[in-house]
Amino acid sequence: MNLNKRTLKYAATFLATVFVTSGAVADNEVITTDTHRLERVADGVYLAQSTARIFNSNSLIIVNESDVLVIDSHITPTKARGLIASIKQITSNPITTLINSHFHYDHAHGNQAFGPDVQIIGHEYTRMKMAGKPLEEGTFMGGKARNLAYLKRLQEEFETTEDAERRAEIGAQAKVLAAHVEAWKEIDPVAPDVTMNDRLTLFRGSREIQLHFMGRAHTGGDLVVYLPADKLAFTGDMMLEGPSWLGDGYVDEWVQTLENLKGLDIDLMVPGHGSPFTDRNRIDYVQAYYTDLWDQVAKMHKEGVSVEDAAKAVDMTGHKKLGITRVGTDPLAVARMYQRMEGVD
Ligand SMILES: [Zn+2]
């Protein structure tokens, strides 16, 4: 989205670079720190993305008159510390509050870096998951296994690659990933210490911050954080620009949850991964996708088709607006939908 970016000098000396971008969101300031890209999406509100080439999630920084509120803590304490250091570069206000949009490791396993003085707010379901055995959650263990497998592959490729330039590139990638794998060892999940169910509103200075649970979707406890004055919603992973990871999802309820999301007057959606977007029609496209996916999978479930075969046969290529070009889907998504069809919560 940064095709026409041009560099500007920014008044503050601590900032490495500031860009004006033209893309999905017009002319947003971007501040680059040692670890992060901070995109100003509203007055005092920044989308924070790690610049490391490592899978991670978006965070949102909300700078109020006398404090700072952060949504989502990244994938590891190391990444969270980079986020906290980056926040210190844009404000001297203290971070008082962290919100977890949901329990997934890539959004919540940086929690511990915020320390005991920062209040962590999450849905009751998120608290239940994180106070349980978060390190035994399938989604977390799958992520861990993927890291290790990818690292092994890079190391093998490094050994067998002769081209010096390519070898150096693989070596650098492996080094970054090895450090990331090491960083996971420090993870000691901290659960939210304030929970909510359907609605909570925070008033900070002149800012109103609404937390909504609109129904089950990507997990059993997804929160949408809505800033009414800015008509901005941080939608976490329950509404990305396209389909989300479905392994812990409630595809059968998700379409209605997204219908409920339409009840908010939103100009800008900031998702848990990817870039902010303004096109509300995206909600319709994603709803249509989940409806179609559920129907196709339900039919195959009824016919006794195995998870693997169903995953190969699912054909979502009709969803052109979502850029689906290949037949087939993630077997873990199908397995999860089969569970729902068999009454598993
Ligand atoms: Zn997630």
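The values are calculated or read from the model by the stated rules, or taken from the named source; none is laboratory data. Predicted, not measured: the structure shown is a model, and the values here were computed from it. Reconstructed Cβ throughout: ideal geometry from the backbone, glycine too, with neighbour counts over all protein chains shown. Remember, those area values only see protein heavy atoms, side chains included, never the ligands or the DNA or RNA. Shrake-Rupley method; radii C 1.70, N 1.55, O 1.52, S 1.80 Å.
Per-structure values
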| quantity | calculated |
| --- | --- |
| Residue within the range 273-288 that is within 16 Å of the ligand (Cβ to nearest atom), aromatic (F, W, Y) and at negative phi present | no |
| Residue count for the range 122-168, restricted to those that are over 19 Å from the mean Cα position of the chain (by Cα), over 30 Å from V194 (Cα atoms) and free of Cβ contacts under 8 Å to residues at least 12 places away in the same chain | 15 |
| Residues located in the range 43-67, provided they are open to solvent by 10 Å² or more (accessible area, probe 1.4 Å), more than 11 Å from the chain's Cα centre (by Cα) and either of a type in the set (A, V, I, L, M) or over 15 Å from G205 (Cα atoms) (or both) | Y46, S50, T51, A52, R53, I54, V63 |
| Residue in the range 237-252 that is more than 16 Å from the ligand (Cβ to nearest atom) and either at pLDDT 95 or above or over 22 Å from R216 (Cβ atoms) (or both) present | yes |
| Test result for L223, within 19 Å of N100 (Cα to Cα) and within 13 Å of the ligand (Cβ to nearest atom) | yes |
| Some residue of the range 68-75 being small (G, A, S), assigned to a loop (DSSP other than H, G, I, E, B) and crowded, with 21+ Cβ neighbours inside 10 Å | yes |
| Unmet requirement for D252, which otherwise passes all of (1) open to solvent by less than 60 Å² (accessible area, probe 1.4 Å); (2) in contact with a helix residue (DSSP H, G or I) (Cβ under 9 Å, 6 or more places away or on another chain) | (1) |
| Qualifying positions in the range 262-306 - among the acidic types (D, E) and under 19 Å from the mean Cα position of the chain (by Cα) | D279 |
| Where a residue in the range 267-284 is open to solvent by less than 50 Å² (accessible area, probe 1.4 Å) and its partner, wherever it lies, is of a type in the set (F, W, Y), with Cβ under 6 Å and at least six apart | M269/F277; V270/F234 |
| Yes/no for T21 being open to solvent by less than 40 Å² (accessible area, probe 1.4 Å) and modelled with pLDDT under 50 | yes |
| Cross-chain or 6+ apart pairs with Cβ under 7 Å, the range 221-247 first and on the phi > 0 side of the Ramachandran plot, then within 14 Å of the ligand (Cβ to nearest atom) and among the charged types (D, E, K, R) | G236/D222 |
| Residues of the range 82-130 that turn out to be closer than 20 Å to Y226 by Cβ, open to solvent by less than 30 Å² (accessible area, probe 1.4 Å), among the hydroxyl-bearing types (S, T, Y) and within 14 Å of the ligand (Cβ to nearest atom), as a count | 2 |
